[in-house]
Amino acid sequence: MNTPPSPPGAERADGSSVQIGALVPLTRPGWVEAGQHLLAGLELGVREVNDAGGIAGRPLELVVRDTAADPQRAAAAVDELARLGVAALAGEYHSVVARAAAARADALGLPFLCSSAVLDALTEQPTEWVARLAPAQSRGWQVYADFLLSAGHSRIAVAAQPSVYWASGARILRDYLASRGGTVIELDMSTLAPTAVCDELVDNRATALLLLVGHPEPAVPIVKSVRSDQRLAEIMIGAPAGQPEFAEWATLLGDDGAAIPFLRYLPERLSPLGARVETALRERLGAAPSFVAFEGYDTVAVLADVLRSHGVDRARTAESWPRVAVEGTRGQIQFSRTPGISVWQWAWTPIQVVDRDPAAPDRFRILHAS
């Protein structure tokens, strides 16, 4: 009988390693390129931990599970990983998926360090089991709203798909901008075709359109429609969720994908550690690493520090979140309780608004920083 090949990150049978469960979107409809960058960062972090002697002499090992942007699949993966005996969970990019994973981790008493998801309400109730590296959506998207106002935009249309994440983003923008004299016009992309968005923008006299939609569909068709409409030659297109960060965006849109500002969680200048990790990630990915890759690396750096200091007991790991003080690629990482946030939160990673330079779409310009 032929034995099927082990999946990537398959668990060791001898139990000699310290295992971390890694939740990553690696297939559609997940944002695959983001998942690849996140996994590259996680894997680089593990390699460096093991090169430095592992966890008290035991190798650190990732047990990777593909969430494919499916909350139910992620919850099932958490159940499986808990049974396999992982010391902690790491990763996930999609907020709605991370929310499902966090709920199961909380219920099972399994520490979860969420790398990239930003939804403020990552869990329904405050939990001791979950910590997060990415800034909360309310923090990042208010920085983005400040950028819009400083650029002179007060009539802003949002093309949004139905989702807890997109609805939360629209609400943050609407509340923040309304208190500062701005107006948000919501366009429901469950009923509008990309070409119909153009007429709505003209009718509503919007000066900016924000894409609160999936990538590549329908984000790419919307951008192409707006860019080809002469009536909208002056409109700014924005993508606060970061769709233009990845190479696929530039490949699909070419010059049309430039000058579309998005949020990125990097400092203006990387520290020596950040610069070294950037070089290693670039070699691993064969391309410039996104902020998501740095989030993956930092996740492992934090978990390795906790596991070395407090052992692999799950409850002791969860109890250690408020005592974390780790040099990450983007600054000193410490967790605290933040008003309105139900998990232990790093407050705050650096936040930038950047875009692709129209003169060289492979180059990013920093437009605004917090």
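The values are calculated or read from the model by the stated rules, or taken from the named source; none is laboratory data. None of the values given here were measured: they were computed from a predicted structure. Here the Cβ is made from the backbone with ideal geometry for all residues, glycine too, and neighbour counts use every protein chain on show. The area values use the complete protein model at the heavy-atom level, side chains included, leaving out ligands, DNA and RNA. Shrake-Rupley method; radii C 1.70, N 1.55, O 1.52, S 1.80 Å.
Can you tell me the convex hull volume per residue for region 57-155, based on C-alpha atoms, in Å³ to the nearest whole number? Provide the component values of the computation, followed by the final result.
Values: hull volume 13.4 nm³, N = 99.
Convex hull of Cα atoms, per residue: 136 Å³.
Please list the non-local residues whose amide H lies under 5 Å from the amide H of Glu327, H modeled 1.01 Å from N, same-chain partners needing a gap of 5 or more.
Ile333
What's the percent breakdown of Cα-Cα distances in region 298-370 across 5 Å bins, shortest bin first?
3, 14, 18, 18, 14, 10, 8, 7, 5, 2, 0
Apply the Karplus parameterisation 6.51 cos²θ - 1.76 cosθ + 1.60, with θ equal to phi minus 60°, to every residue of region 353-370 and state each ³J(HN,Hα) to the nearest whole Hz, in sequence, with x for glycine and proline.
10, 10, 9, 7, 5, x, 6, 7, x, 7, 10, 9, 10, 7, 9, 6, 9, 9
Restricting things to alpha carbons, find the Rg to Rh ratio for region 92-203 using the Kirkwood radius for Rh.
Details: Rg = 16.6 Å, Rh = 15.6 Å.
Value, to two decimals: 1.06.
Taking only Cα atoms, what is the 0 to 90° angle, nearest 10, from helix 95-108's long axis to the longest principal axis of the chain?
Value to nearest ten degrees: 30.
When all alpha-carbon pairs of region 23-108 are counted, what percent fall beyond 16 Å?
Values: 1924 of 3655 pairs.
Here the long-distance tail beyond 16 Å is 53 percent of all Cα pairs in region 23-108.
May I ask you to evaluate 6.51 cos²θ - 1.76 cosθ + 1.60, the Karplus curve with θ = phi - 60°, for each residue of region 140-153 and list the ³J(HN,Hα) values in order in whole Hz, giving x for glycine and proline?
Here the 3J(HN,Hα) series is x, 6, 6, 4, 5, 5, 4, 4, 4, 5, 5, 8, x, 9 Hz.
In region 168-313, with Lys and Arg counted as +1 and Asp and Glu as -1 at Cβ, which of these residues, Leu211, Gly286, Ser190, has the Cα nearest the positive end of the dipole, that is, farthest along it?
In region 168-313, that residue is Gly286.
Per residue Cα convex hull volume for the chain, in cubic angstrom? Walk me through the numbers on the way to the answer.
Working: hull volume 52.8 nm³, N = 370.
Dividing the Cα hull volume of the chain by its residues yields 143 Å³.
Could I get the Rg over Rh figure for region 128-259? Both from C-alpha atoms, Rh via Kirkwood, rounded to two places.
Using Cα coordinates only, the ratio equals 0.96.
Taking only protein heavy atoms into account and a 1.4 Å probe, give the accessible area per residue of the chain in Å². List each step's numbers first, then the result.
Numbers: 14880 Å² over 370 residues.
Per-residue value: 40 Å².
Give a residue-ordered list of calculated ³J(HN,Hα) values for region 82-90 (Karplus: 6.51 cos²θ - 1.76 cosθ + 1.60, θ = phi - 60°; whole Hz; x for Gly, Pro).
Couplings: 4, 5, 6, x, 4, 6, 6, 10, 9 Hz.
Rule-of-thumb check for region 236-370: C-alpha Rg over 2.2 N^0.38 Å? Numbers along the way, then the final one.
Details: Rg = 17.1 Å, N = 135, 2.2 N^0.38 = 14.2 Å.
Expressed relative to 2.2 N^0.38 Å, the Cα Rg reads 1.20.
Hey, what angle do you get for helix 164-178 against the long axis of the chain, alpha-carbon based, 0 to 90 degrees rounded to 10?
The helix 164-178 is inclined about 50 degrees to the chain.
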